[in-house]
Amino acid sequence: MMISISHDKVTTCILLLAVMACLVRSEAPQAVEICSLCHCLKDPKEPSITVDCWEGSRVHRQRFLQRFDLRNILWPVASEVSGSQPPRVRAFFRNLHLPDLPIISASPQVIELSFKSVSLETLPTEPFRNVRNLEILTITGNNLQTIEHDFFAIENNLLRLDLSNNSLVSLSALEQSRFEKLEFIDLSRNKLGTVSRQLLYVLQNASRVRLENCDIYSWDCPANTRWKVLDLSWNHLTDITTKTFNDLEQLEELYLSHNDIRIVYPQAFENLQQLVRLDLSHNDIFNLAYSLIVPSTVEMINFANNSAERWPFHKLSENLRVIDIQYNELSEINPDQTVNVVRLNASHNQIRKFSSESFPALIELDLSDNLLEAIPGGLGQQLTMLTLDGNPINRIFIDNPMVLKVLSLNRMPNVVELEASAFKELVGADESKELDCVEIRIAGCLNLRHIDPKAFEGTTVCKLDLSNNQLTTIPEELIDWKSLYGGVNLQGNPLDCSCSQQWLVDELLSLLYEKRDLQYLLDNLRCATPPERKGQRLVKHLGHRGAFCGAVKMERLRNSPGEDNVVQAGFGSIFCTQYDEDCLHAHEGTGLIIFISMVVITSILSLVMLVFILVRRRNERRNMSKEGALLMPQYRF
Ligand SMILES: *[C@@H]1O[C@H](CO)[C@@H](O)[C@H](O)[C@H]1NC(C)=O
Ligand SMILES: *[C@@H]1O[C@H](CO)[C@@H](O)[C@H](O)[C@H]1NC(C)=O
Ligand SMILES: *[C@@H]1O[C@H](CO)[C@@H](O)[C@H](O)[C@H]1NC(C)=O
């Protein structure tokens, strides 16, 4: 009986499924509204609709796969939005599987199409020929190897074309295109090798051209372009001659970083009379036979990560504001002229001498990781940030007046102490507090063991980093600790937690603890000595007056009301300080509950233990007597 019923059911089901399948099949060629398959978002301001189709947008995966067919899509129409104007449609397809794109349903309203990571491999038969009003077309992150000609070959409205991150080797189809309105083209991350003169001509009216990461090894400069931005970084260009970029007269930004450039002709950029920004970083430019003529319009030069041993620039104009020349092999910075540069990064060179009089306008100067033996003087009035990390400077003493927001003197192996009045001539320029103050960083100095209590006398510090030095004691009167609104970082020092440093716990720690955003400064603040406190976090002793001065544990327990107050003030983590430091991490937030449960569990366990011990004792006493052995079984647990 049972079997025959279920058999009937199966048959019915199969029949039903077959009928359904037939229905679905006959439905397939019918057009489907895209908004029934993907998310559609109306823009309340202009009559426009954004269609977003991606993995997560498939409300019903199966239905989506059955019905999604770009050939038979109904794009949103006028009635769907208020107002009579037909909506402009922007459609985004991403993370779908669309290996070959069909001819997309016609629509005069579609102005943007984007296919991002949809596994596209081919574009067979002019898929966009019926969406002729397209202004923006993006096909990125696919595996497209060629592109055939399409609507671009006739007059069109395309403003932006993004074909980046594909496997395009040749763009010959684009050579016949009419890109009269095109403003932006992105061909980056393809395998072009070279770009034909014809294509460059077709693109002549664009203003931004991206060709980075295209394995380009040869470059034939187009003439009469309107290009303003050209990105050729991450290619294989080797020589920049007078001809390479000579005709790009409108160019404002030229990016050539991460190529294999060895040779740059001095006049290579001379003709670019609109150039504002030039990036030659990460190449192999050694000493130039003749220094580079930089057009007078240039405001920013990046020459970082080359191998220049000499200042590579010919006379610089007053427009130049920013120079990045870090990671070269310069032994001095001496441009033989006065420049208007406000930001100079010359870190990671071999500079022994810095000619400050050439740079009176500097605001930011980074000379870290060089061979300077003293803090350079005579730096201009504008300077607010000075970084000298990693130099073999022996003595930190500022003897010329300086007005700074940040002074960074990290990683100085030769510095052993900070002497009295070392920063007397340093005036703060950070206006964020009523009194102008300065942030000072002296961290990672592996031989810095001593700080004079008067080291910071005469200056106003707003933030102090003394982490990872070899300091064992910190003088209490070093600074007005309350005025340090950015906190003090003393972590990573071998602090001596004896009585003389009790003030650290009593005053400094609570100051840092009061501000949530400064509590990170307590994470790795640890004692190195005496042996019984070695490795302990200082925060463990917070709220225990006299902990470093031989106070006993009982005293602490009596102080407990004070600790309760702190718990109530919202610093859940402080509650752990009388216990183990690991507790800090484990019990934050739910601390009180866990604490109570721990007390309860401990009490129960103690009670059980007590009973056990009492019984055992009694047994032992009985064992000693002769009849004890007979009674034993009664007391087995
Ligand atoms: C390039 O496309 C691949 C495949 O879609 C993607 O995983 C990758 O993140 C893309 N790379 C960039 C830099 O966009
Ligand atoms: C660029 O614009 C100029 C003037 O508008 C036009 O004469 C020329 O044909 C355009 N070039 C291309 C390749 O479309
Ligand atoms: C200078 O360049 C180095 C290396 O690129 C960088 O780490 C540092 O942040 C730069 N300095 C400034 C002040 O920007």
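The values are calculated or read from the model by the stated rules, or taken from the named source; none is laboratory data. These numbers were taken from a predicted model, which means no experiment stands behind them. Here the Cβ is made from the backbone with ideal geometry for all residues, glycine too, and neighbour counts use every protein chain on show.
Considering only region 202-233, state which residues are on the phi > 0 side of the Ramachandran plot and more than 10 Å from ligand 2 (Cβ to nearest atom). Across region 202-233, the qualifying residues are ASN213, ASP215.
Between THR125, THR138, the distinction of being modelled with pLDDT of 90 or more and in the same structural domain as ASN72 (by TED's automatic domain parsing) belongs to THR138 only.
Just so you know, in region 455-490 the residues that are of a type in the set (Asp, Glu) and part of a loop (DSSP other than H, G, I, E, B) include one that is nearest to SER421 (Cα to Cα), and it is GLU457.
Across region 428-445, what is the number of residues that are among the aliphatic types (A, V, I, L, M) and modelled with pLDDT under 95? Within region 428-445, residues that are among the aliphatic types (A, V, I, L, M) and modelled with pLDDT under 95 number 3.
So for region 177-191 (the condition being away from ligand 3 (no atom under 16 Å from the Cβ), in contact with an Asp or Glu (Cβ under 6 Å, 6 or more places away or on another chain) and under 26 Å from PHE68 (Cα atoms)), does at least one residue qualify? No, the conditions are met nowhere in region 177-191. Filtering region 341-357 to residues that are modelled with pLDDT of 95 or more and polar (S, T, N, Q) leaves ASN345, SER347, ASN349, GLN350. Residues of region 106-115 include at least one that is under 21 Å from LEU211 (Cα atoms) and either in the same structural domain as PHE184 (by TED's automatic domain parsing) or within 35 Å of the chain's Cα centre (by Cα) (or both).
Each residue in region 92-111 was checked for being in contact (Cβ under 8 Å) with a residue 24 or more places away in the chain and under 19 Å from ASN166 (Cα atoms), and 9 pass.
Taken over region 419-454, the criterion of being more than 17 Å from LYS405 (Cβ to Cβ) and assigned to a strand (DSSP E or B) is satisfied by HIS450, ILE451. For region 362-411, name all the residues that are assigned to a loop (DSSP other than H, G, I, E, B), within 13 Å of HIS348 (Cβ to Cβ) and not polar (S, T, N, Q). Passing the criteria: LEU367, ASP369, LEU371, LEU372, LEU388, ASP389, GLY390, ARG411.
Can you confirm whether GLU309 is closer than 30 Å to ARG189 by Cβ and either under 28 Å from the mean Cα position of the chain (by Cα) or surrounded by fewer than 16 Cβ atoms within 10 Å (Cβ to Cβ) (or both)? Spelling it out, it is not the case that GLU309 is closer than 30 Å to ARG189 by Cβ and either under 28 Å from the mean Cα position of the chain (by Cα) or surrounded by fewer than 16 Cβ atoms within 10 Å (Cβ to Cβ) (or both). Filtered by the rule that a residue be crowded, with 20+ Cβ neighbours inside 10 Å and farther than 22 Å from GLY487 by Cα, region 508-552 gives ARG533, ALA547, PHE548.
Quick check on region 142-165. Is at least one of its residues β-branched (Val, Ile, Thr), more than 25 Å from ASN95 (Cβ to Cβ) and out of contact with any Asp or Glu (no Cβ under 6 Å at 6 or more places or on another chain)? Yes: region 142-165 contains one or more residues that are β-branched (Val, Ile, Thr), more than 25 Å from ASN95 (Cβ to Cβ) and out of contact with any Asp or Glu (no Cβ under 6 Å at 6 or more places or on another chain).
Taken over region 153-167, the criterion of being crowded, with 20+ Cβ neighbours inside 10 Å, within 16 Å of ligand 2 (Cβ to nearest atom) and under 39 Å from the mean Cα position of the chain (by Cα) is satisfied by LEU158, LEU161.
Per-residue answers, yes or no, for (1) surrounded by fewer than 16 Cβ atoms within 10 Å (Cβ to Cβ); (2) closer than 30 Å to PHE397 by Cβ; (3) within 16 Å of ligand 3 (Cβ to nearest atom):
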residue: LEU272; (1), (2), (3): no, no, no
residue: LEU280; (1), (2), (3): no, no, yes
residue: ILE285; (1), (2), (3): no, no, no
residue: THR297; (1), (2), (3): yes, no, no
residue: LYS315; (1), (2), (3): yes, no, no
residue: GLU318; (1), (2), (3): yes, no, no
residue: TYR327; (1), (2), (3): no, yes, yes
residue: ASN334; (1), (2), (3): yes, yes, no
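Of note, SER356 does not satisfy the criterion of being within 30 Å of ALA429 (Cα to Cα) and crowded, with 20+ Cβ neighbours inside 10 Å. Filtering region 168-191 down to residues that are within 16 Å of ligand 1 (Cβ to nearest atom) and within 19 Å of GLU121 (Cβ to Cβ), which residue is surrounded by the fewest Cβ atoms within 10 Å (Cβ to Cβ)? The residue in question is LYS191.
May I ask you to say which residue of ILE474, ILE479 is surrounded by 16 or more Cβ atoms within 10 Å (Cβ to Cβ) and without any contact (Cβ under 8 Å) to a residue 24 or more places away in the chain? Working first, answer last.
Values: ILE474 fails: without any contact (Cβ under 8 Å) to a residue 24 or more places away in the chain.
So the residue among ILE474, ILE479 that is surrounded by 16 or more Cβ atoms within 10 Å (Cβ to Cβ) and without any contact (Cβ under 8 Å) to a residue 24 or more places away in the chain is ILE479.
The single condition among (1) surrounded by fewer than 18 Cβ atoms within 10 Å (Cβ to Cβ); (2) over 22 Å from ILE49 (Cβ atoms) that ASP150 does not meet is (1).
What tally of residues in region 470-490 results from selecting those that are of a type outside the set (A, V, I, L, M, F, W, C), closer than 18 Å to GLY444 by Cα and in contact with a helix residue (DSSP H, G or I) (Cβ under 8 Å, 6 or more places away or on another chain)? Looking only at that region, the number is 3.
Going residue by residue through region 376-386, is there one that turns out to be under 21 Å from MET412 (Cα atoms), surrounded by fewer than 16 Cβ atoms within 10 Å (Cβ to Cβ), away from ligand 3 (no atom under 16 Å from the Cβ) and free of Cβ contacts under 8 Å to residues at least 24 places away in the same chain? Yes, the conditions are met somewhere in region 376-386. Every residue in region 254-273 that is on the phi < 0 side of the Ramachandran plot and under 32 Å from the mean Cα position of the chain (by Cα), please. Of everything in region 254-273, those that are on the phi < 0 side of the Ramachandran plot and under 32 Å from the mean Cα position of the chain (by Cα) turn out to be LEU254, TYR255, LEU256, SER257, ASN259, ASP260, ILE261, ARG262.
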